[in-house]
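First the structure, in the form of structure tokens, and then the observations on it.
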Amino acid sequence: MERNGTQGSMMSAKAVQKSDLTPKQEKAIQALLAHPTMDEAAQAAGIGRTTIFRWLQQKEFQTAYTQARRESVKHAIARLQNRASEAVEVLAEVMNDQTNTPSARVGAAKAVIEYSIKAVEVEDLAQRVEELEGLINMQPSK
């Protein structure tokens, strides 16, 4: 069975771009976001699987589906970011708790170091991209 690329979603129907999609197409997008397989999504939307495949070949439907998936991922990332402080606290507790096994403490310490390095790398890349975009925007138009 094919997977839809997202597992469940808290997306509202308003998040799907309304453009010229039919109500059935909008319902299909919501079903694709909410169900793990095409078959389940088609059944939930009350349409055939081949109809979904046909719609996925249409540019407008693809665009709306892609936008809805991006919004779903943004929502999931925001939820993860809200819990990041708690995760760091757990790692710190495991790392500092003398009653934990040495391997648990080392694993937590290693995770803290690895994630710290990765965060710095991401920040550095973001800054470099921003600088490059600034240089590109300063270039005269042709």
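None of the figures in this text is laboratory data; all of them are computed from the coordinates on show. Fair warning: this is a prediction, and the values are worked out from it, not measured in the lab. Cβ coordinates were reconstructed from backbone atoms using ideal geometry, including for glycine residues, and neighbour counts include every protein chain displayed.
A few remarks follow.
- Rg/Rg_globular for the chain, with Rg_globular taken as 2.2 N^0.38 Å and Rg from C-alpha atoms: 1.52
- Sum of -39500 (n - 2.57) over DSSP H runs of 4+, divided by residues of the chain (222 nm, nearest 500): -25000 deg cm²/dmol
- Taking the chain and dividing mean pair separation by its residue count, relative contact order in percent (alpha carbons under 8 Å, at least six apart): 18 percent
- Among Val129, Val88, the ranking by other beta carbons within 10 Å of each residue's beta carbon, starting with the fewest, stands as Val129, Val88.
- The translational diffusion coefficient of the range 97-138, from Stokes-Einstein at 25 °C and 0.890 mPa s with a Kirkwood hydrodynamic radius over alpha carbon pairs, comes to 195 µm²/s.
- Note on the chain: Lys pairs 8 or more places apart or on different chains, Cα atoms under 15 Å apart, count 5.
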